[in-house]
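**Student:** Have a look at this one.
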Amino acid sequence: MSKTKNRDRDSFNVLDVVRIVGGLLLMNAFFSWWFTSTSTWGYDGKWINTGYLQFRLTNGYVNLTQDELSKYNGVNPKLPIYVGVNGSVYDVSASPSIYGPSGMYAKLSGKDCARIYITGCFGKDDEYTHDLRGLDVEEADNDISSWQKFYENHRKYWYVGQVQLQEVKTKIPEPCEHVKAPGYYDHKKSPNKH
Ligand code: HEM
């Protein structure tokens, strides 16, 4: 046998690396299925969501007008679902049953309704606005930052950027009796619940 052929067999090439990595991945998937019945050792957060990975890789932060934001309301299945909270926009596409067209919080999608996150007056149409005039400043600050943290730290949602909010010149909504979310005070400690 020639010297060249011997050298080829002795050297460690790219194909060997691919084989080893492939084998390790296969073994990892096998054991993960064996122990957790999932291929990700039970993890199902945003780091295995292709939408989130693409967003992080492309640094795809948005700066939307309110009109642009309105397209992300879950009606077009090709677009993600966004909610706005006092200028900050979050991707909540992971929960179409909550924020999609027939979800119980469908009316929060595709807009910034910061006001309703404070008042909880879901039956009053004029509460679905970013207009915070007339509300207690401390209550508003607390509730807004609490809901922003909820979306930002949620294992399946993420911050995508900002919406440019127009100044509101219409009449201030009539006061309504505020309703806080059940477990409201707990959700500050545990960001996936409210
Ligand atoms: C300021 C008042 C409130 C606000 C802003 C609010 C907002 C929300 C939001 C944004 C979600 C979705 C959370 C997620 O993405 O996982 C949610 C879920 C939920 N809310 Fe509220 N909520 C309020 C009050 C209430 C009240 C008073 C009730 C019931 C008496 C209620 C019952 C529920 C239930 C059952 C869910 C879970 C839905 C599910 O996971 O399918 N909320 N709420």
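**Student:** At 222 nm, what value in deg cm²/dmol follows for the chain if DSSP H runs of at least 4 each add -39500 (n - 2.57) and the sum is divided by all its residues, to the nearest 500?
**Tutor:** When only DSSP H runs of four or more count, the value is -11000 deg cm²/dmol.
**Student:** Roughly speaking, what is the stretch gain from residue 11 to residue 48, that is 0.36 nm per residue apart minus the C-alpha to C-alpha distance, in nm to one decimal?
**Tutor:** Contour length minus the Cα-Cα distance gives 9.7 nm.
**Student:** Out of all DSSP beta bridges in the chain, what portion is antiparallel? Express it as a percent rounded to 5.
**Tutor:** 65
**Student:** Would you mind calculating the relative contact order of the range 46-187 from Cα pairs under 8 angstrom and at least 6 residues apart, reporting the percent as a whole number?
**Tutor:** 28 percent.
**Student:** Name the most mobile residue of 92, 18, 137, meaning the one with the largest mean-square fluctuation, in a Gaussian network model of the chain with Cα contacts below 10 Å.
**Tutor:** Among 92, 18, 137, the largest mean-square fluctuation in the Gaussian network model of the chain belongs to 18.
**Student:** Another question, if that's okay. Determine, at each q value in 0.12, 0.17 (inverse angstroms), the log₁₀ of I(q)/I(0) that the Debye formula gives when each Cα of the range 11-104 is one equal point scatterer.
**Tutor:** -0.61, -0.87
**Student:** With helices defined as uninterrupted DSSP H runs, which ones in the chain have an alpha carbon span along their own long axis of at least 20 Å and mean Kyte-Doolittle hydropathy of at least 0.5?
**Tutor:** TM-like helix candidates: 14-36.
**Student:** On to the next question. Run the numbers on the range 1-113 and let me know its relative contact order in percent, using alpha-carbon pairs under 8 Å that are six or more apart.
**Tutor:** 16
**Student:** Please report, to one decimal in angstroms, the Kirkwood hydrodynamic radius of the chain built from all distinct Cα-Cα pairs.
**Tutor:** 19.8
**Student:** Let me ask something else. Placing unit charges on C-beta atoms (Lys and Arg positive, Asp and Glu negative, everything else neutral), compute the dipole magnitude of the range 46-187 about its Cα centre in debye, rounded to 20.
**Tutor:** With only Lys, Arg, Asp and Glu charged at Cβ, the dipole is about 700 debye.
**Student:** Compute the FRET efficiency between residue 102 and residue 18 as 1/(1 + (r/R0)^6), taking r as their Cβ-Cβ distance and R0 = 35 Å, and round to the nearest 0.05.
**Tutor:** Step by step, r from the Cβ atoms, then E = 0.15.
**Student:** When 32, 88 are ordered from fewest to most other Cβ atoms inside 10 Å of their Cβ, what list results?
**Tutor:** Least crowded to most crowded, the residues run 32, 88.
Bear in mind these aren't lab numbers, they're just calculated from the coordinates by the rules spelled out. Computed from a predicted model, the values in this text were never measured in an experiment. Don't worry about glycine lacking a Cβ; one is built from the backbone with ideal geometry, like all the others, and counts go over all protein chains shown.
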